[in-house]
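**Student:** Quick one: the structure is below, and I'll ask about it shortly.
The values are calculated or read from the model by the stated rules, or taken from the named source; none is laboratory data. Every value quoted in this text rests on a predicted model; they were computed, and no experiment measured them. Using ideal geometry, Cβ is built from the backbone for each residue, glycine included, and neighbour counts are taken over all protein chains shown. Accessible surface is based on the protein model in full, side chains and every heavy atom, while ligands, DNA and RNA are left aside. Shrake-Rupley method; radii C 1.70, N 1.55, O 1.52, S 1.80 Å.
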Amino acid sequence: MAKKYSFTEYQKDSRKTAGYPPIGHPIIYPVLGLSGEAGEISEKIKKIFRDKKGEITQEDKEMLELELGDVLWYLTQIASELEVDLEEVAQKNIAKLYSRMERGKLGGSGDKR
């Protein structure tokens, strides 16, 4: 069975694989990579709905899981470049969402709901 990762462990281990081309500030490469990988997921979902009437097969799930891994890797490298602990990002995000849920503010728009 594969190792189960905490965000902290994943951030540390994934950092060993982070090698970017010299294109200015080191945050540029993972930010562009994140947007590209998110676009790939969107494109795959679009084609599932266009070509398969929205039926997501096991093969589709496996393909999307790989793409989600790429999104996670780039997101993690952005956090690392910012010297932000991904575990704390996850904890703060859940706290924010639960606060909104408790106040009936999950819907709508704006960062300060």
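**Student:** Which members of the range 32-55 meet the condition of being open to solvent by 70 Å² or more (accessible area, probe 1.4 Å) and either within 17 Å of Leu72 (Cα to Cα) or outside any helix (DSSP H, G or I) (or both)?
**Tutor:** Selection gives Leu32, Ser35, Glu40, Ser42, Lys53, Glu55.
**Student:** May I ask you to list the residues in the range 9-18 that are outside any helix (DSSP H, G or I) and exposed (fewer than 14 other Cβ atoms within 10 Å of the Cβ)? Working first, answer last.
**Tutor:** Of all residues in the range 9-18, those outside any helix (DSSP H, G or I) come to 16-18.
Once the filter is applied, which keeps residues that are outside any helix (DSSP H, G or I) and exposed (fewer than 14 other Cβ atoms within 10 Å of the Cβ), the range 9-18 yields Lys16, Thr17.
**Student:** Answer yes or no as to whether Gly110 is over 23 Å from Lys3 (Cβ atoms), open to solvent by 50 Å² or more (accessible area, probe 1.4 Å) and small (Gly, Ala, Ser). Give the steps one after another, and end with the answer.
**Tutor:** Numbers: over 23 Å from Lys3 (Cβ atoms): yes; open to solvent by 50 Å² or more (accessible area, probe 1.4 Å): no; small (Gly, Ala, Ser): yes.
So Gly110 does not fit the description; no.
**Student:** Can you tell me which of (1) loosely packed, with under 15 Cβ neighbours inside 10 Å; (2) at pLDDT 95 or above; (3) not small (Gly, Ala, Ser) is the one Pro21 doesn't meet?
**Tutor:** (2)
**Student:** Would you confirm whether or not the range 1-8 contains a residue that is assigned to a helix (DSSP H, G or I), within 19 Å of Leu68 (Cβ to Cβ) and not polar (S, T, N, Q)?
**Tutor:** yes
**Student:** Give me the pairs: first residue in the range 57-74 and farther than 20 Å from Asp85 by Cα and without any contact (Cβ under 8 Å) to a residue 24 or more places away in the chain, second residue in a helix (DSSP H, G or I) and open to solvent by 70 Å² or more (accessible area, probe 1.4 Å), beta-carbon distance under 9 Å, and six or more apart or on different chains, which are they?
**Tutor:** As it stands, the answer is Asp60/Lys52, since those pairs meet every condition given.
**Student:** Does any residue of the range 73-90 turn out to be under 15 Å from Ala18 (Cβ atoms), out of contact with any Cys (no Cβ under 8 Å at 6 or more places or on another chain) and open to solvent by 90 Å² or more (accessible area, probe 1.4 Å)? Before the answer, list the steps.
**Tutor:** At the first step, the residues of the range 73-90 found to be under 15 Å from Ala18 (Cβ atoms) are 73-84, 86.
With the extra rule that they be out of contact with any Cys (no Cβ under 8 Å at 6 or more places or on another chain), the set shrinks to 73-84, 86.
Adding the requirement that they be open to solvent by 90 Å² or more (accessible area, probe 1.4 Å) leaves 82-83.
Yes; the residues of the range 73-90 include at least one that is under 15 Å from Ala18 (Cβ atoms), out of contact with any Cys (no Cβ under 8 Å at 6 or more places or on another chain) and open to solvent by 90 Å² or more (accessible area, probe 1.4 Å).
**Student:** Another question, if that's okay. Check Ser42, Ser80, Ser35 and return the single one that is of a type in the set (Gly, Ala, Ser) and in contact (Cβ under 8 Å) with a residue 40 or more places away in the chain.
**Tutor:** On the way: Ser42 fails: in contact (Cβ under 8 Å) with a residue 40 or more places away in the chain; Ser35 fails: in contact (Cβ under 8 Å) with a residue 40 or more places away in the chain.
Answer to the check: Ser80.
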